[in-house]
Structures are given as structure tokens and as C-alpha cells.
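Colleague: What follows is a structure written as C-alpha cells; I'll ask about it next.
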Amino acid sequence: AQLGSRGRVLTTKLLAHDAIALEQETNYLTGSVTLLIDQTAVLVENLAELSAQNSRVSRAASLRISPYTAKLRQLQSQLETISPAIALLPDILAANERKKYLLVFQNNMELRPTGGFIGSVGFLRFENGKMLDLVVEDIYTIDGQLEGQVEPPPPLKQYLGEANWYLRDANWDPDFARSSEQIQWFLDKEIAAQVDGVI
């Protein structure tokens with residue numbers, strides 16, 4: 001509960017464009033998650049031992065313990081996934097520098113390989129652990145600035161009837177890492193913009 005509360009405060013500060021003591025916050029979150037992982041492991045071990053002692057615990061009680069053990073193992077797995085991500089926060093939130101990210105808004109009502117048609121994008125800027133701004137642009141405004149023609153992938157041409165390839169359909173590879181490279185390529189060609197990552 002304390003970890004969740006601290007995370008909400010951190011998110012609220014970030015969205016309010018307040019400066020965040022990222023090193024202090026990262027250390028707190030890392031320590032809290034590590035402690036929770038250790039405590040969860042102890043609980044799982046204790047519950048397993050309790051269930052194994054059939055002579056002291058009835059079968060009915062053992063069955064009641066089982067769902068809690070499964071939930072604790074799931075929590076432990078989630079915490080182990082979150083832990084490395086916390087260490088990346090200072091880099092992602094530009095603790096000692098300036099970074100710009102491209103947010104790709106996808107409409108899942110028009111399916112594309114990474115989740116949906118790119119209808120708009122947002123430019124999200126951070127500096128010294130502070131969110132500076134978020135500027136959202138319509139995709140057609142950006143696509144309208146492409147000079148020349150880019151040959152679309154054959155399925156895009158065949159099934160969607162597209163004669164040209166634009167940023168709006170740059171997420172044509174289901175591997176988001178590869179699609180993000182294509183998105184950045186189009187961003188550079190259309191509006192000569194570079195970003196530190198695509199979200």
C-alpha cells in the first residue's frame with residue numbers, strides 16, 4: 001500500500017510538471033520492491049510448509065491456503081518484473097539531461113500489426129526529471145509534409161489500397177521495436193524530427 005501510494009504521488013508530480021528527486025525516489029522504490037520480494041518469498045515458503053504438515057493442518061485448511069500461495073507467487077513474479085524497470089526511471093525521465101519521446105496513439109478500431117491505426121502522435125519532453133510538455137499532433141498534418149513517394153509493403157498496397165506509405169501506417173511490423181524504427185524514419189523524413197524513443 002505504501003509503495004502504491006508513493007507511486008501515485010510520483011505520477012501526480014510528474015503530470016503536474018513538478019521536479020522530482022529521481023535518485024531519492026528510485027532508491028526508495030528499489031528498496032521497497034526488494035523488501036517486498038523477500039517478504040513474499042518468506043510467506044510463500046511458510047505457507048508451503050504449513051500445507052505440507054497434514055498432521056497439524058486439516059485438508060480443508062490446506063485447500064484454503066492454496067489460492068493465497070498462488071496469489072503471492074503471482075505478486076512475487078510481478079515485483080521481479082517491476083524491479084529492473086525502476087532502475088531505468090532516471091534514464092527514462094532524463095534525470096540529468098533533456099529527452100523527447102514520441103507517443104503513438106493507436107486506434108484499435110482500425111487494426112494494424114502493433115495494435116491500431118496511428119491517428120495522432122504526441123511529443124513528450126523531459127528535462128532533469130521534470131515533464132516539460134506534451135504536444136499532440138494530428139497524423140495527417142505530419143503525413144502531409146512527406147516529399148516524394150515511399151513504396152508501401154505489398155499487403156498494405158494490396159489489401160488497403162495504399163499507393164504510398166506514411167507515418168500513419170509505419171507500425172506495419174508486429175515487433176514494436178522494429179515498427180518504432182520505421183516510425184522514427186518517417187518522422188525524420190516528414191518533419192525532420194528526432195526522438196529518444198517511441199512509446
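The values are calculated or read from the model by the stated rules, or taken from the named source; none is laboratory data. The model shown is predicted, which means the values in this text are computed figures rather than measured ones. So basically every Cβ, Gly included, is an ideal-geometry build from the backbone, and we count neighbours across all protein chains shown. Remember, those area values only see protein heavy atoms, side chains included, never the ligands or the DNA or RNA. Shrake-Rupley method; radii C 1.70, N 1.55, O 1.52, S 1.80 Å.
Colleague: What figure in square angstrom, to the nearest 10, would you give for the accessible area of V198 with a 1.4 Å probe?
Modeller: 30 Å²
Colleague: Also, I was wondering about something else. What number comes out for the charge environment of K157, summing +1 per Lys or Arg and -1 per Asp or Glu over other residues with Cβ under 13 Å away?
Modeller: It works out to a net charge of -3.
Colleague: Next question, about the same structure. Put E80, E190 in order of accessible area, largest first, 1.4 Å probe: what do you get?
Modeller: Sorted descending by solvent-accessible area, the residues read E80, E190.
Colleague: Considering the options A177, A85, L167, tell which one lies farthest towards the positive end of the dipole of the chain, charges being +1 on Lys and Arg and -1 on Asp and Glu at the Cβ, about the Cα centre.
Modeller: Value computed over the given set: A85.
Colleague: Roughly what % antiparallel, to the nearest 5, for the DSSP beta bridges in the chain?
Modeller: Counting DSSP beta bridges with both partners in the chain, the antiparallel share is about 90 percent.
Colleague: Right, here's the next one. Counting C-alpha atoms alone, how compact is the stretch 64-199: give Rg to one decimal and Dmax as a whole number, in angstrom.
Modeller: Both quantities, over Cα of the stretch 64-199: 19.0, 67 Å.
Colleague: If you don't mind, another one. For every other residue with a beta carbon closer than 13 angstrom to the beta carbon of V198, add +1 if it is Lys or Arg and -1 if Asp or Glu, then tell me the sum.
Modeller: -2
Colleague: What is the dipole size for the chain, taken about its Cα centre, with +1 at each Lys and Arg Cβ and -1 at each Asp and Glu Cβ, in debye to the nearest 20?
Modeller: 1140 debye
Colleague: Rounded, prolate or oblate for the stretch 1-144? Axes are the square roots of the Cα gyration tensor eigenvalues, ordered a ≥ b ≥ c, and the cut-off for rounded is a/c under 1.5.
Modeller: Because a/c hits 1.5 or more and a/b fails to exceed b/c, the stretch 1-144 counts as oblate.
Colleague: Let me ask another. What is the local net charge at W172, summed over the other residues whose Cβ is closer than 14 Å to its Cβ (Lys, Arg +1; Asp, Glu -1)?
Modeller: Net of charged neighbours comes to -3.
Colleague: Still on this structure, I have one more. At what distance in nm do the modelled label points of Q194 and E147 sit from each other, each positioned 7 Å from its Cα along Cα→Cβ?
Modeller: 1.9 nm
Colleague: Now a separate question. If DNA, RNA and ligands are ignored and the probe is 1.4 Å, what is the ranking of F117, F176 by accessible area, most exposed first?
Modeller: Accessible-area ranking of F117, F176, largest first: F176, F117.
Colleague: Can you tell me which lysines have their Cα less than 21 Å from the Cα of K13? Leave out same-chain residues fewer than eight positions away.
Modeller: K99, K100, K130
Colleague: Note down the accessible area of I191, probe 1.4 Å, to the nearest 10 Å².
Modeller: Here the accessible area works out near 50 Å².
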